[in-house]
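Enquirer: Can you keep this structure in mind? I'll have questions shortly.
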Amino acid sequence: MPVNETLSQYSDWSYTTAAAIYALALLFTLIEQGFGAKGRQAAERSKQRARELVGAGGLSVTEEVPAVPPGTGRAERIGKMGASLLILALLLHLSAIVLRGFATGRAPWGNMYEYGMAATFVTVTTWVIVMRKFPVRHLTGFLLLPVVILMFINGTMLYTIAAPVQPALQSYWLVIHVSAAIIGSGVFLVPGVASVLYLFRAAHDRNPAKFPKFAPKLPTADVLDRIAYRTTIIAFPIFTFGVLCGAVWAEAAWGRFWGWDPKETVAFIAWVVYAAYLHSRATAGWRGTRAAVINVLGFSCTVFNLFFVNLVTAGLHSYAGVG
């Protein structure tokens, strides 16, 4: 099927515009994080806790957190504008994916560029859902920062013109296996960011004097831990399904379920790490720093698999940049 160049161009424009609006939303949400009411209230609670721990006088356990100083309403309004921009960019992001699919007449994830475009869309969609469940809108900037960086890299260094996929990828497994990998990888970015923020917050709680000023403005460690755990629970079975489908596709295409290809191997390592994280939470009751470190390690494996394995190593998956 010939490529529709007009729809492909519209897809590229939608992607570029979405990335620009994400960057603007990033700026707005960082303003809310730095100057908004939620961040200040969290900082005040952190200071109160620190005074109690060192016994420096001042606040008692029953004393209320001081009221947020006047003037923070403007930061809250800017944060709401950032959230609105986030939704607008998400719609444009979705348009870019759909238009790419119509332009090529296939599933729009047949190369690294399309894979990255879809995975970042899943990440932002997941975060929008998380914002409805937890009061973490002011943390959106921390999530958007890696998203904007990934979209910039994806749209410049990894950009690929719209074209039919290679014959080896012309299979219904492209839709099933790769879509599961995209959803799993995209959702995993959220617990990865949440776990990193947890480590900062927990370290600050242990030693308030040695950590950055943004740390006390984060939600409590318990909230960040719950976000990481619940999103990992969602992503893990989807990622598992993608790994199993990849094995079935490998048997159909190459005559074996498993061949220790670099991408297969690193994907299996990531699966083991995430399984260890969920198992330790369920059986050993690890809810602290150790669990967060395991989660960050799992996400590091996912990112390593996406970039290093696809772009540097040679393997059966290297020709596509996906899988």
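Each value in this text was obtained by applying a stated rule to the coordinates, not by laboratory testing. The shown structure was predicted, so the numbers you read here are calculated from the model rather than taken from an experiment.
Enquirer: Looking at the square roots a ≥ b ≥ c of the eigenvalues of the Cα gyration tensor of the stretch 119-177, which shape do they give, rounded for a/c under 1.5, prolate if a/b is larger than b/c, or oblate?
Expert: Oblate shape, in that a/c is at least 1.5 and b/c is the bigger or equal ratio.
Enquirer: Stretched out fully, how many nm does the piece from ALA282 to THR240 gain, at 0.36 nm a residue minus the Cα gap?
Expert: Numbers: separation 42, 0.36 × 42 = 15.12 nm, distance 1.80 nm.
Extending this stretch completely gives an extra 13.3 nm.
Enquirer: For a 26 Å ceiling on Cα separation, which of these pairs sit above it: LYS80/LYS133; LYS133/LYS263; LYS133/LYS210?
Expert: Cα-Cα > 26 Å for LYS133/LYS263; LYS133/LYS210; rest within.
Enquirer: Sticking with this one: Take every Cα pair under 8 Å in the stretch 166-323 that's 6+ residues apart, average their separations, divide by the length, and report that relative contact order as a whole percent.
Expert: Relative CO of the stretch 166-323 lands at 29 percent.
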